[in-house]
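One structure is given below, encoded as structure tokens.
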Amino acid sequence: MHDRLELLLDGFDHVETRREFEERLAEGKPLTVKLGLDPTSPDLHLGHAVVLHKLQQFVEAEHKVVLVIGSFTARIGDPSGRNELRPPLSTAEITSNMRTYAEQAGKVLDMDRVRLEYNSTWLDRLTSADLLRLLSQVTVAQMIEREDFRARYAAGTPIALHEFLYPIAQAYDSIALHADVELGGNDQLFNLLMGRQYQRDAGQRQQVCMTVPLLEGLDGEKKMSKSAGNYVGLTEAPEQQFGKLMRMPDELIARYARLAAFRSREECERLARALSDGKAHPMEEKKRVAQEIVARYHGAAAAQRAREYFERTVQQRELPTENVPEIRQGDARRVIDVMVAAGLAESKRAAERLVAGKGVRVDGILVEDPKALWPASAPATLSVGARKFVKVLPND
């Protein structure tokens with residue numbers, strides 16, 4: 001019992017409350033464990049995998065795991081951790097994104113043992129009277145206690161009224177599912193705790209709220225997200241994943257080992273000390289971590305090939321290193337903008353065609369999305385075809 005408890009608790013940075021969780025496990029009955037994901041982009045990434053990995057451990061412990069796709073809440077947009085209003089998604093965008101989520105989550109979860117739900121199933125049924133009743137159970141003062149809302153209010157940044165509906169809708173998910181446990185990132189704690197309040201008011205036993213740390217993106221600053229362009233997608237090709245991971249800052253190697261390769265806390269602490277003391281080589285440790293991560297999603301053989309590809313094209317410098325023109329990134333944010341600025345494409349439309357034709361690479365890694373943001377914070381080689389190269393330097 002103790003070992004099972006510690007395994008399930010390992011990796012969470014907040015549990016509300018541990019005592020309740022221990023008591024429910026001691027009852028010996030499967031718990032209903034909920035995780036919600038909003039289909040706000042078409043891809044899941046390593047940041048999502050942190051909590052999906054923990055959810056899979058509940059699957060393996062024979063609990064009733066429910067993955068909730070936010071088909072309703074995505075229309076509102078989760079304001080958690082944002083300092084500005086999130087642009088609303090169209091129904092078509094949400095529907096398109098939802099199609100890929102279950103398949104991509106299956107990279108981490110055993111979907112045959114996971115119940116998949118869409119929260120529009122119950123939230124679309126709410127009447128105006130239902131909504132007024134739910135709104136009456138929370139105050140504006142409570143909402144402004146949220147760090148992101150409070151900061152935006154203090155800065156004079158607009159907060160739309162519909163944003164207040166998000167934590168209420170997420171809380172209602174917990175009522176609809178009679179959730180015993182809800183998982184989320186630590187920026188979701190307010191929303192998860194709101195579920196406890198609404199369950200209590202509905203006469204249900206309050207869920208245990210368990211949050212995981214947020215994984216920083218490849219820029220080492222913002223949390224991993226597609227909108228920030230600092231992400232590694234779960235379904236990207238092995239070479240893409242490996243090449244991107246080699247851009248992680250040295251100071252995040254141990255953190256990626258913990259949150260993306262899922263090594264033990266003790267292993268990662270030893271790794272951090274060895275890197276700090278100079279007893280471990282950052283490049284070699286980075287390659288080991290990257291290979292472990294790629295192997296999780298593509299298998300050991302593909303991960304080894306991805307490593308060899310990186311070593312051959314980047315480390316052994318099969319990319320040209322002499323007489324390569326250099327430019328500053330300047331104001332160019334997307335890869336196609338850099339291509340135009342470097343003279344490698346005569347227009348953005350021409351640059352998009354080159355990307356679509358799979359002729360554009362950054363440090364040997366294929367660029368597949370015409371909207372991709374420039375991925376490197378260090379000097380990187382941009383190539384178009386086999387003969388056009390330019391080294392792009394970050395701004396001073």
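The values are calculated or read from the model by the stated rules, or taken from the named source; none is laboratory data. In this text, all values refer to a predicted model and were calculated from it rather than measured experimentally. All Cβ positions, glycine included, derive from the backbone under ideal geometry; neighbour counts span all protein chains shown. Just so you know, the surface numbers come from the protein's heavy atoms only, side chains and all, with ligands and any DNA or RNA stripped out. Shrake-Rupley method; radii C 1.70, N 1.55, O 1.52, S 1.80 Å.
Take the Cα coordinates of segment 287-396, assign each an equal point scatterer, and use the Debye formula without solvent to give log10 I(q)/I(0) at q = 0.12 Å⁻¹.
Normalising to I(0) and taking log10 leaves -0.44.
How big is the gap, in Å, between the Cα center of segment 131-177 and the Cα center of segment 246-319?
Cα centroid of segment 131-177 versus Cα centroid of segment 246-319: 40 Å apart.
If I build a Gaussian network model for the chain, linking alpha-carbon pairs within less than 10 angstrom, which residue out of Gln204, Gln240, Gln170 has the largest mean-square fluctuation?
Of Gln204, Gln240, Gln170, the most mobile in the Gaussian network model is Gln204.
If you place +1 on the Cβ of every Lys and Arg, -1 on the Cβ of every Asp and Glu, and leave all else neutral, what size is the dipole of the chain about its Cα centre, to the nearest 20 Debye?
Values: 55 positive and 58 negative charges, 143 e Å.
In debye, rounded to 20, the chain gives about 680.
Tell me the Kirkwood radius of segment 116-216: reciprocal of the mean inverse pair distance over distinct alpha-carbon atoms, in Å.
Result for segment 116-216 stands at 14.5 Å.
Using Cα positions and a limit of under 16 Å, work out the aspartates and glutamates in reach of Lys29, with same-chain residues fewer than 8 apart set aside.
Candidates past the 8-residue exclusion: Glu20, Glu60, Glu62, Asp180.
Once you keep just the Cα pairs under 8 angstrom separated by 6 or more residues, what percentage relative contact order results for segment 82-233? Display every interim value, and only then the final one.
Details: 130 pairs, mean separation 25.5, N = 152.
In percent, rounded to a whole number, it is 17.
Under the definition of Cα pairs under 8 Å and six or more residues apart, what whole-number percent is the relative contact order of the chain?
The normalised contact order for the chain reaches 15 percent.
Just to be sure I understand: with springs between alpha-carbon atoms less than 10 Å apart, which residue in Ala306, Ala151, Ala237 has the highest mean-square fluctuation in the Gaussian network model of the chain?
Greatest mean-square fluctuation among the candidates belongs to Ala151.
Once you keep just the Cα pairs under 8 angstrom separated by 6 or more residues, what percentage relative contact order results for segment 228-343? Please list the in-between numbers first.
Numbers: 79 pairs, mean separation 30.6, N = 116.
Here the relative contact order equals 26 percent.
I'd like the orientation of helix 46-60 relative to the chain: the angle between its Cα long axis and the longest Cα principal axis, in ° from 0 to 90, rounded to 10.
For 46-60 against the chain, the angle is about 50 degrees.
Once you've got the GNM for the chain with C-alpha springs shorter than 10 Å, pick whichever of Leu344, Leu366, Leu126 has the biggest mean-square fluctuation.
It is Leu126.
Using Cα atoms only, what is the angle between the long axis of helix 189-201 and the major principal axis of the chain, expressed in degrees (0 to 90) to the nearest 10?
20 degrees
Kindly report the accessible area of segment 173-248 per residue (heavy atoms of protein chains, probe 1.4 Å, no ligands, DNA or RNA), in Å².
Using a 1.4 Å probe on heavy atoms only, each residue of segment 173-248 averages 31 Å².
Would you work out what percent of the accessible area of the chain, with all protein chains in place, is carbon or sulfur (probe 1.4 Å)?
C and S fraction of accessible area: 49 percent.
Report, ordered by chain and residue number, the lysines lying within cross-link reach of Lys388, taken as a straight Cα distance under 27 Å and ignoring same-chain residues fewer than 8 apart.
Lys244, Lys348, Lys358, Lys371
How compact is segment 170-298 by the rule of thumb for globular proteins, expressed as Cα Rg over 2.2 N^0.38 Å?
1.31
Can you give the convex hull volume of the alpha carbon atoms of the chain per residue, in Å³?
Value for the chain: 167 Å³ per residue.
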